[in-house]
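**Q** Can you read through this structure? Questions will come right after.
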Amino acid sequence: GPTIGVLAFQGGVIEHMTALTKAAASLQKDITIIEVRSSAELESCDAGLIIPGGESTHLSRAARECGLLEPLRDYVKVKRRQVWGTCAGLIMLSEEASAVKKDGQELIGGLDVRVHRNHFGRQNESFMTNLDLDFLRNSTATNESSSSLPFPAMFIRAPVVDKLLTAAKTHDAEATPQEDAPVEVLAVLPGRHASNKAAAAGELGPVSPEGAGDIIALRQGNVFGTSFHPELTDDIRIHVWWLEQILS
Ligand code: GLN
């Protein structure tokens, strides 16, 4: 069956594998789930890859040391395989990151956005909040009894997307439809967390016209990202949804 990998340097590796296993069972799909630390392992992930949270500076250093940084870029941006980054994984999948260390930080890229690292502050400002995730509505992950249940979202020194870079892109006639895939904002954290510098400076972009919040879930073609950690709760609806998107 199809193989899905979890980049296994640090973070919620086991938790993602467990959630994927449960999600596949609930969809009655037969998938193989592997840990990825080498380009050979990455190569075998024909169906997709999850990049978990942790520390993005550490992730990019580990990937570089294992000779995985270029293969990961190739996987995401040339082969255009399916990838999902949670938290530090979302940072890795963004084209730009702010609040990085002085000597910079290498990213994989794939999402035409800028992320703001540690947007909500330090570890002790981590929080859990209930989100209404409209994108789950059409999923079999969402049966009648769960359709109105909010999703328990765990934010741990989380990034948010504070700028879309696509607006500046000129149309390239050579681009394949995939390369033209727009950034789809899937969830915004409303209200109380919106008082960030980018929003105040009007840099939040057209997706949030009333400055309504921070982008915390998005997709662009084959790349999906969440600021929060669905693998750290036992709500598998997002894992089920993602499997539905990538296994057709
Ligand atoms: N703050 C971390 C970083 O910048 C991400 C935290 C997380 O993945 N929970 O990489």
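**Q** With respect to the numbered conditions (1) in contact with a Leu (Cβ under 6 Å, 6 or more places away or on another chain); (2) in a helix (DSSP H, G or I), which one is the sole condition not fulfilled by I33?
**A** (2)
Quick grid of which residues meet (1) at pLDDT 80 or above; (2) in a helix (DSSP H, G or I); (3) within 16 Å of the ligand (Cβ to nearest atom):
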| residue | (1), (2), (3) |
| --- | --- |
| A158 | yes, no, yes |
| K163 | yes, no, no |
| A173 | no, no, no |
| A187 | yes, no, no |
| A198 | no, yes, no |
| F224 | yes, no, yes |
| E231 | yes, yes, yes |
| V240 | yes, yes, no |
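**Q** Scanning for something modelled with pLDDT under 80, loosely packed, with under 11 Cβ neighbours inside 10 Å and farther than 30 Å from T21 by Cβ, does the stretch 131-148 turn up at least one residue?
**A** no
**Q** Answer yes if at least one residue in the stretch 36-47 is within 15 Å of the ligand (Cβ to nearest atom) and surrounded by fewer than 23 Cβ atoms within 10 Å (Cβ to Cβ), and no otherwise. Talk me through it step by step, then tell me what you get.
**A** Within the stretch 36-47, the subset within 15 Å of the ligand (Cβ to nearest atom) is none.
No, because not a single residue in the stretch 36-47 is within 15 Å of the ligand (Cβ to nearest atom) and surrounded by fewer than 23 Cβ atoms within 10 Å (Cβ to Cβ).
**Q** Go through (1) outside any helix (DSSP H, G or I); (2) free of Cβ contacts under 8 Å to residues at least 40 places away in the same chain; (3) among the polar types (S, T, N, Q) one by one and return the number of the condition T21 breaks.
**A** (1)
**Q** Limited to the stretch 48-64, what total is found for residues that are within 26 Å of L247 (Cα to Cα) and either within 15 Å of the ligand (Cβ to nearest atom) or assigned to a helix (DSSP H, G or I) (or both)?
**A** So the count comes out to 4.
**Q** Quick one: would you say E96 is acidic (D, E), open to solvent by 30 Å² or more (accessible area, probe 1.4 Å) and either assigned to a helix (DSSP H, G or I) or away from the ligand (no atom under 16 Å from the Cβ) (or both)? First the steps, then the outcome.
**A** Values: acidic (D, E): yes; open to solvent by 30 Å² or more (accessible area, probe 1.4 Å): yes; either assigned to a helix (DSSP H, G or I) or away from the ligand (no atom under 16 Å from the Cβ) (or both): no.
No; evaluated as a whole, the condition is false for this residue.
**Q** Which condition does A25 not pass, out of (1) away from the ligand (no atom under 16 Å from the Cβ); (2) under 27 Å from H58 (Cα atoms), if it passes all the others?
**A** Status for A25: all satisfied but (2).
The values are calculated or read from the model by the stated rules, or taken from the named source; none is laboratory data. None of these values were measured; they are calculated from a predicted model. A quick note on method: Cβ atoms are made from the backbone with ideal geometry, for glycine too, and the neighbour counts reach across all protein chains shown. Areas reflect the complete protein model, heavy atoms only, side chains present, ligands, DNA and RNA absent. Shrake-Rupley method; radii C 1.70, N 1.55, O 1.52, S 1.80 Å.
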